[in-house]
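First the structure, in the form of structure tokens, and then the observations on it.
The values are calculated or read from the model by the stated rules, or taken from the named source; none is laboratory data. Note that this is a predicted model, so its numbers are computed, not measured. Every residue, glycine as well, gets a Cβ built from its backbone with ideal geometry; the counts of neighbours run over all protein chains shown.
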Amino acid sequence: MKGMTVIVKTISSWVKILIFIFGIYIILFGHLSPGGGFPGGVILASSFILLMLAFSRQEAEKYFPLSVASKFDCIGALLFILLALMGLGFGINAFFWNFLQQEYLAAHETVLKLISAGSIPLYNIFIGLKVCASLFLVIVVLSMTRPELPSEQEQHLEE
């Protein structure tokens, strides 16, 4: 039997959705409360790592295939850099200039609302995407390189 016991598998299948939703919450509201892209990305990756530990690496790859994780890793970094460069174009020649807040939201009453920070939530989303994919890929690669332990049947045959 691959993975852990039935109890761990059952609880993990229930909890994975809650962990994933909490990670999305941390990313989206990171500019209003403690959190942001990095901790939210770590929480998102931990939901997939929980699946890998409870079931198997193959089960986690069904939900988040390695090819998709690799693409998300690259896309998150590319979008982050593009948004930072857009600050140069729309701002006062400053990298990471919060051009959405300065140009479009300054005249509106948006304090303590989801769109109140301009481009900062977008930075959080892109960093969360990058961190989630990168951390998941690192853990998967580490699990691929571990030595395989002999099963109980093979140990009995050796004796």
Check your understanding: Of the residues in the range 1-45, how many are part of a helix (DSSP H, G or I), out of contact with any helix residue (DSSP H, G or I) (no Cβ under 6 Å at 6 or more places or on another chain) and among the polar types (S, T, N, Q)?
Key -> 2
Review point. Which condition does VAL141 not pass, out of (1) loosely packed, with under 15 Cβ neighbours inside 10 Å; (2) modelled with pLDDT under 80; (3) not aromatic (Phe, Trp, Tyr), if it passes all the others?
Key: (2)
Review point. Of all residues in the range 32-50 being at pLDDT 90 or above and of a type in the set (A, V, I, L, M, F, W, C), which is farthest from LYS9 (Cα to Cα)?
Key: PHE38
Practice item. Test LYS9 against the stated conditions and say whether it is touching a residue at least 12 places away in the same chain (Cβ under 8 Å), over 17 Å from the mean Cα position of the chain (by Cα) and over 18 Å from PHE80 (Cα atoms). Key: yes
Revision key, fill the gap. Screening PHE29, PHE72, PHE96 for residues that are of a type in the set (Phe, Trp, Tyr), closer than 24 Å to ALA133 by Cα, surrounded by fewer than 19 Cβ atoms within 10 Å (Cβ to Cβ) and at pLDDT 90 or above leaves only PHE72
